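K.L.:
Quick one: this structure, given as structure tokens, is what I'll be asking you about.
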Amino acid sequence: MRVNAYAAPAAGRPLALTTIERRDVGPNDVLIEIQYAGICHSDIHTVNGDWGPQPFPVVPGHEIVGLVTEVGSAVTRHHVGDRVGVGCMVNSCGECTNCRNGDEQYCLNGMVPTYAGTDRDGTTTQGGYSTHVVVDADYVLSVPESLDAAAAAPLLCAGITTYAPLRRWGAGPGKKVAVVGLGGLGHMAVKIAHALGADVTVLSQSLKKQEDGLRLGADHYHATSDPDTFKQLAGRFDLIVNTVSASIDLNAYLGLLAVDGTLVNVGAPAEPLSLHVMSLIGARRSFAGSMIGGIALTQEMLDFCAEHNIGAEVEVISADKVNEAYERVLASDVRYRFVIDTTTLA
Ligand code: NAP
Ligand code: ZN
């Protein structure tokens, strides 16, 4: 099946309309007519070569919501007409310890990313900036009908990437949680941490988005450009989730953790972060990383968001505005996720 898509032809080049091939629907596959695809900063890191060479042309997009239009003969979980989602991975071995533990994203044999990865048939995966995608049914999520489709798309990456560490490190009543960076991931972290019952602080570069941050569920908001912030909040937080796409002064942020506190990095900058171990030793602190989340946890997150009426704050754009949107994300000028209406690709 040949379908329209928006692709980057080479590293750092603008995306343009093209056509790509989607495989035939196999026995365990689902064909999805895509409605919306979110723009994640990871798409931009990939296209710009921040994370190394990529198999260009690359069709990014791993925040996909659409409708099932065909299912393979062995598929029982999804039906034609269902509203479904696809996140950052489309396959894994299913047999290693991590897959068996529901951590398919850490598959010991390598999970298959939704784009710029090598699928089990040896072809290169292509993502959601496209009209259709064929995905193994086990990696397709059910998107509750009560969620707005465009607002639900970013949950498939920004939602699960923040939900997973918030749950793992116990964000909830009595816990003080800080979110660094109020972008796509950051604004989801604020909404989810608030819904989990935590006391939430936004640490943003400036106070420009303070009103938004408080409206989204933050209890406190501070500018990291103000050196007083680091004095005033020293030793305060149980958990800090760093969503920043660039490298930050890690040691300054570690100083904001209470004894036994943890700073979890989900932001994935190209540059290394430098860590002075004294920043950890001084208060038995931990520094951790976390990558998206497993399939069962992603479904749990979608159901949690439906229950708490949580979607992303989105700016829906037509596909021909993707390159402008990339520029705006790079300038931290996004409130708070661009989502492509992929019907504009038809
Ligand atoms: P985004 O929408 O661009 O948000 C990043 C935010 O970081 C910006 O809005 C800005 O917030 C802050 N920021 C940007 N540059 C900064 C700088 N130089 N110094 C300090 N703060 C800065 O990006 P996103 O889509 O949320 O993604 C964030 C990062 O997470 C990316 O690196 C992405 O690749 C990564 N990611 C990781 C996973 C995972 O599984 N671990 C999954 C998805 C994405 P303020 O304006 O509020 O300061
Ligand atoms: Zn992403």
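K.L.:
Compare the Cα positions of Y326, S142, S279 along the charge dipole of the chain (+1 at Cβ of Lys, Arg; -1 at Cβ of Asp, Glu; about the Cα centre) and return the one farthest towards the positive end.
P.N.:
Result: S279.
K.L.:
Cα gyration tensor of the range 1-126, axes a ≥ b ≥ c as square roots of the eigenvalues: rounded (a/c below 1.5), prolate (a/b > b/c) or oblate?
P.N.:
Oblate, because a/c is 1.5 or more while a/b does not exceed b/c.
K.L.:
Once Lys and Arg get +1 and Asp and Glu get -1 on their Cβ, which of L15, P154, G255 lies farthest toward the positive end of the dipole of the chain?
P.N.:
Looking along the dipole axis, the top candidate is G255.
K.L.:
Leaving ligands, DNA and RNA out of it, report the carbon-plus-sulfur percent of the accessible area of the chain at a 1.4 Å probe.
P.N.:
Ligands and nucleic acids excluded, carbon and sulfur reach 49 percent.
K.L.:
Let me ask you something else. Rank by packing, highest mean first: peptides 221-229, 32-40, 174-182, 315-323, with packing defined as the count of other Cβ atoms within 10 Å averaged across residues. Can you show the working numbers first?
P.N.:
Values: 221-229: 14.7, 32-40: 26.1, 174-182: 23.6, 315-323: 16.7.
The most tightly packed comes first, giving 32-40, 174-182, 315-323, 221-229.
K.L.:
So, one more: Hey, what D do you get for the chain in µm²/s if you plug the Kirkwood alpha-carbon radius into Stokes-Einstein at 4 °C and 1.567 mPa s? Don't jump to the answer; show the numbers that get you there.
P.N.:
On the way: Rh = 20.3 Å.
So the translational diffusion coefficient is about 64 µm²/s.
K.L.:
Here's a follow-up. Just the number please: accessible area per residue for the chain, 1.4 Å probe, all protein chains included, in Å².
P.N.:
Normalised by residue count, the accessible surface of the chain is 41 Å².
K.L.:
Here's something else I'd like to know. Under the Kirkwood approximation applied to all pairs of distinct alpha-carbon atoms, what is the hydrodynamic radius of the range 159-289 in Å?
P.N.:
This gives a value of 14.3 Å.
K.L.:
Based on the mean of other Cβ atoms within 10 Å per residue, sort peptides 326-335, 131-140 so the most packed one is first.
P.N.:
The packing order, highest mean first, is 131-140, 326-335.
K.L.:
Can you list the aspartates and glutamates whose alpha carbon sits under 14 Å from that of K208, skipping same-chain ones fewer than 8 residues off?
P.N.:
Here the aspartates and glutamates satisfying the reach criterion relative to K208 are D226, D333.
K.L.:
Just to confirm the filter: which trypsin sites (Lys or Arg not before Pro) across the range 24-100 are DSSP coil and have at most 15 other Cβ within 10 angstrom of their Cβ?
P.N.:
Passing sites in the range 24-100 are R77.
K.L.:
Out of the DSSP beta bridges found with both residues in the chain, what percent are antiparallel (nearest 5)?
P.N.:
Antiparallel bridges make up about 55 percent of those DSSP assigns within the chain.
K.L.:
In debye, nearest 20, what is the charge dipole magnitude of the chain about its Cα centre with +1 on Lys and Arg Cβ and -1 on Asp and Glu Cβ, if you could check?
P.N.:
On the way: 24 positive and 38 negative charges, 157 e Å.
Roughly 760 debye, rounded to the nearest 20.
K.L.:
Would you calculate a helix-derived [θ] at 222 nm for the chain, using -39,500 (n - 2.57) for each DSSP H run of n ≥ 4 and dividing by the full residue count, to the nearest 500?
P.N.:
On the way: 11 runs with 82 residues, N = 346.
Here the helix-only value at 222 nm equals -6000 deg cm²/dmol.
K.L.:
Points 7 angstrom from Cα along the Cβ direction at R23 and S286: gap in nanometres?
P.N.:
Between R23 and S286, the simple spin-label model gives 3.7 nm.
K.L.:
Next question, about the same structure. Is the range 263-346 rounded, prolate or oblate when judged by the Cα gyration tensor, a ≥ b ≥ c being the square roots of its eigenvalues, rounded requiring a/c under 1.5 and prolate requiring a/b larger than b/c? Present the calculation step by step, with values, prior to reporting the outcome.
P.N.:
Details: a/c = 2.90, a/b = 1.55, b/c = 1.87.
Because a/c hits 1.5 or more and a/b fails to exceed b/c, the range 263-346 counts as oblate.
K.L.:
Using a basic spin-label model with each label point 7 Å from the Cα along Cα→Cβ, how many nm lie between T344 and V80?
P.N.:
3.1 nm
K.L.:
Can you compute the charge dipole magnitude of the range 156-232 about its Cα centre, using +1 on each Lys and Arg Cβ and -1 on each Asp and Glu Cβ, nothing else charged? Give it in debye, rounded to the nearest 20.
P.N.:
That gives the range 156-232 a dipole magnitude of about 260 debye.
K.L.:
Scattering from the C-alpha atoms of the range 22-86 alone, worked out with Debye: what is log10 I(q)/I(0) at q = 0.17 1/Å?
P.N.:
-0.70
The values are calculated or read from the model by the stated rules, or taken from the named source; none is laboratory data. Nothing here was measured: the structure is a model prediction, and the numbers come from that model. Neighbour counts run over all protein chains shown; Cβ positions are idealised from the backbone, glycine included. Remember, those area values only see protein heavy atoms, side chains included, never the ligands or the DNA or RNA. Shrake-Rupley method; radii C 1.70, N 1.55, O 1.52, S 1.80 Å.
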